[in-house]
Each structure stands twice: as structure tokens, then as C-alpha cells.
1. Accessible area per residue for the chain in Å², computed with a 1.4 Å probe and the full protein assembly in place, what is it?
2. Identify which of Ile65, Ile56, Ile183 has the largest mean-square fluctuation in a Gaussian network model of the chain, with springs joining Cα atoms closer than 10 Å.
3. Residue farthest toward the positive end of the dipole of segment 191-238, with Cβ of Lys/Arg at +1 and Asp/Glu at -1: which of Tyr227, Ile191, Tyr207?
4. How much length, in nm to one decimal, is gained on full extension between Ser27 and Tyr141, taken as 0.36 nm per residue of separation minus their Cα-Cα distance?
5. Quick check: pseudo-label points 7 Å beyond the Cα along Cα→Cβ at Glu180 and Asn113, how many nm apart are they?
6. Put a dot 7 Å past each Cα toward the Cβ at Asp59 and Cys215; how far apart are the dots in nm?
7. Ala222 to Ser95: extension gain in nm, 0.36 nm per residue of separation minus the Cα-Cα distance?
8. If R₀ is 45 angstrom, what is the calculated FRET efficiency for the pair Ile191 and Ala7, using the beta carbon separation as r and rounding to 0.05?
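The values are calculated or read from the model by the stated rules, or taken from the named source; none is laboratory data. On a predicted model such as this, the values are computed, not experimentally measured, just so you know. Here the Cβ positions follow ideal geometry from the backbone for every residue, glycine too, while neighbour counts run over all protein chains shown. Note: accessible area is taken over every heavy atom of the protein model, side chains too, but ligands, DNA and RNA are not part of it. Shrake-Rupley method; radii C 1.70, N 1.55, O 1.52, S 1.80 Å.
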Amino acid sequence: MKGADWAACTGMAAAVSLAVAWLFYRSPAGMIVFFAVWPVSCFQRRRKKARIRQEILRDQFKECIRVVTASMHVGYGAENAFLEAEKELVQLLGSQADMCRELRLMNRQLKLNVPIEGLLENLANRSGVEEIFSFGQVFGYAKRNGSDFVRILRDTAERISEKAELEQEIRTMIAARQLEQKIMNAVPLGILFLIDLTSPEFLEMMYVGAFGRICMTGCLAAYVGAYFLSRRLVDIRV
């Protein structure tokens with residue numbers, strides 16, 4: 001999270017709080033929901049940025065194991081294969097790409113005789129990318145058992161690629177549903193705003209007295225619950 005991200009979260013929380021204060025309570029006291037909305041907004045933005053970065057790292061890791069597998073196929077040892085992967089990925093992605101920086105760190109530690117499977121497990125734990133963890137496990141198993149190392153790594157790389165393609169297909173299929181979900185989330189607020197704009201006396205009783213306040217609070221709680229439920233329904237992960 002950078003300064004622009006914190007500012008965006010604060011602006012979003014302020015806008016939502018202002019809308020809630022006006023549409024549901026018609027009182028500045030409703031702005032108190034800012035202190036509940038702001039951490040949720042920051043959490044969602046941080047999670048979204050983390051997921052995007054994980055997807056980028058996973059795609060870069062796919063390229064890495066492609067180069068590693070190709071290098072081992074022509075006779076390189078595992079350690080030298082990762083050195084070759086760093087050189088090729090720097091040319092392909094640039095030296096500041098996440099995977100290139102991780103490879104630099106891994107190759108330094110390989111020179112100190114740190115096991116590759118341990119380095120892959122460390123990267124998987126820090127990044128949260130499941131494919132890296134799976135590859136590290138397969139790599140360690142194949143290395144210990146002396147089986148057809150290159151074939152196993154190639155098959156694992158193909159499985160990772162297939163999973164990534166499946167996730168891309170799912171994202172494409174549900175993109176329209178996600179847009180519909182965002183529109184439907186805005187519809188109740190739009191209807192409330194339209195009624196308030198055209199016939200303010202229609203809702204006047206909901207903004208005075210304990211009964212009206214309780215009803216509007218219940219409506220707000222129902223809306224928030226529906227919002228988070230709709231997000232979960234379209235958040236499909238493989």
C-alpha cells in the first residue's frame with residue numbers, strides 16, 4: 001500500500017460515509033460509519049493488490065520453470081538451470097521484476113549450498129502462490145528419489161499452465177456477472193436517492209423517531225450483508 005492507495009481508501013470511505021449519512025439517516029452523525037468503512041476499504045484494496053501481484057508472480061514463475069526445465073533437458077544441473085533462468089528472465093522481464101529479484105536471492109543462497117526445495121518453499125510461504133509450493137514439493141520429491149527428473153518437472157509445469165488457463169477462462173466467463181453485481185449493488189442506493197430527490201416527503205417518517213431510525217439501520221445492515229454476499233458469489237477461485 002502506497003500513499004496513493006491510502007488516499008484512495010480514505011476518499012472511498014468518506015464518499016460511502018457521506019452517502020450513508022444522507023440516504024439512511026439524513027444526519028451528519030451518520031458519518032460515524034467512516035470508522036467502520038475505512039478499514040474494510042483498506043483491507044479490500046490491499047487484498048486486491050496482493051492478488052494481482054500473486055497472479056503476476058505466478059505467470060513469471062511459469063516462465064522460470066519453463067527455462068529451468070529446458071536447461072536441465074540439455075544437461076544443466078539444477079543449480080546452473082536456475083542461474084540460466086535468472087539471465088533469461090532479466091532479458092525478458094527486466095531486472096526489477098519480482099521473479100528476477102527472487103532468482104537473484106535464490107542464486108546467492110544456492111552458492112552457500114542452501115537446498116533448492118527449501119528456497120522454493122520459502123518463496124511460496126512469502127508469496128502465498130500455491131503453484132510455487134506445489135512445484136517445490138514435486139522438485140524435492142523428484143530430486144530425492146532420482147526418478148525422471150526432467151519429465152516430472154515438465155509435467156508439473158504443464159499442469160500449472162493448464163490451471164492458469166482455466167482460471168483465465170473462468171475470469172472471462174464471469175466478467176459480465178461481476179459487472180452485473182456492481183450495477184445491482186448501486187441500484188438500491190440509486191432508487192433511494194431518486195425517491196429522496198423527487199418525493200422527499202415519502203421517506204420523511206423514516207428519518208425521525210426511534211422506529212424510523214431502527215428501520216433504516218436494519219435496511220442498511222441488509223444492504224451491507226447483500227453486498228458482501230454478492231461479492232463472494234462472483235469470487236470464484238480454482
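1. Details: 14500 Å² over 238 residues.
I get 61 Å² per residue for the chain.
2. Top of the fluctuation ranking is Ile183.
3. Tyr227
4. Values: separation 114, 0.36 × 114 = 41.04 nm, distance 6.37 nm.
Full extension from Ser27 to Tyr141 adds 34.7 nm.
5. Between Glu180 and Asn113, the simple spin-label model gives 6.2 nm.
6. Modelled inter-label distance: 5.1 nm.
7. So the chain would gain 40.8 nm between Ala222 and Ser95.
8. On the way: r = 30 Å, r/R0 = 0.68.
Efficiency, from the Cβ-Cβ distance: 0.90.
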